[in-house]
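Trainee: Let me give you the structure first, and then I'll get to my questions.
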Amino acid sequence: MTESELDSFLRNFSGIETTAESYSPSDPKEAVTADHRRLRTDTLYDSVFIPPGQDITFSVHPRFKPVASHRHSFIELIYIYSGECHQTINNKRVSMKKGELCILDTNTFHSIENTGRDDIIINCLMRKSYFDWAFLSRLSG
């Protein structure tokens, strides 16, 4: 895939994004999806995000879909491909812009505010054992 093809792929709306863009509640707190309302912050949902048998996975955060505060037992890398991202990490608001990267440790409470048309966020989720092996062991070399 060329850089141009990748850019086109990332900018095309998914079905979820098309639906979410047309839903614009007057109260931003109401924009949190029903799926994320059901998430309990004291429960870890690892198998939902990283398929069994895999140690690492990549995904694109759906635009127009905020994420309620949650935590998990894997490492999360958040890369801002385009636009910006406003999130709360352990009760601290953090704003990120294009080209910035954030690494979240395990059991870190975080949420993402509503995103717009040009806000493209790529997530890399890794089991802690993979992160330790693949990254930290190479730093010592």
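Trainee: Is there a residue being among the acidic types (D, E), touching a strand residue (DSSP E or B) at 6+ places or on another chain (Cβ under 8 Å) and either without any contact (Cβ under 8 Å) to a residue 40 or more places away in the chain or under 30 Å from T19 (Cα atoms) (or both) anywhere in the range 119-129? It would help to see each step written out before you state the result.
Mentor: Going through the range 119-129, the residues among the acidic types (D, E) turn out to be 119.
From what's left, touching a strand residue (DSSP E or B) at 6+ places or on another chain (Cβ under 8 Å): 119.
Remaining after also requiring either without any contact (Cβ under 8 Å) to a residue 40 or more places away in the chain or under 30 Å from T19 (Cα atoms) (or both): 119.
Checking the range 119-129: at least one residue is among the acidic types (D, E), touching a strand residue (DSSP E or B) at 6+ places or on another chain (Cβ under 8 Å) and either without any contact (Cβ under 8 Å) to a residue 40 or more places away in the chain or under 30 Å from T19 (Cα atoms) (or both).
Trainee: Which of the residues spanning the range 85-118 are crowded, with 17+ Cβ neighbours inside 10 Å and touching a Lys or Arg at 6+ places or on another chain (Cβ under 6 Å)?
Mentor: T115
Trainee: Anything in the range 58-84 that is of a type in the set (D, E, K, R) and open to solvent by less than 30 Å² (accessible area, probe 1.4 Å)? List them, or say none.
Mentor: Initially, the range 58-84 is screened for residues of a type in the set (D, E, K, R), giving 63, 65, 71, 76, 84.
Within the range 58-84, R63, E76 qualify.
Trainee: Residues in the range 87-103: is at least one in contact (Cβ under 8 Å) with a residue 40 or more places away in the chain and among the hydrophobic types (A, V, I, L, M, F, W, C)? Before you say what the answer is, go through the steps one by one.
Mentor: Of all residues in the range 87-103, those in contact (Cβ under 8 Å) with a residue 40 or more places away in the chain come to none.
No, the range 87-103 has no match at all.
Trainee: Also: Kindly list, by first and then second residue, each pair from a residue in the range 57-77 that is among the β-branched types (V, I, T) to a residue that is surrounded by 17 or more Cβ atoms within 10 Å (Cβ to Cβ) and assigned to a loop (DSSP other than H, G, I, E, B), limited to pairs with Cβ atoms under 6 Å and residues at least 6 apart or on different chains.
Mentor: Cβ pairs passing all conditions: T57/I50.
The values are calculated or read from the model by the stated rules, or taken from the named source; none is laboratory data. None of the values given here were measured: they were computed from a predicted structure. All Cβ positions, glycine included, derive from the backbone under ideal geometry; neighbour counts span all protein chains shown. Note: accessible area is taken over every heavy atom of the protein model, side chains too, but ligands, DNA and RNA are not part of it. Shrake-Rupley method; radii C 1.70, N 1.55, O 1.52, S 1.80 Å.
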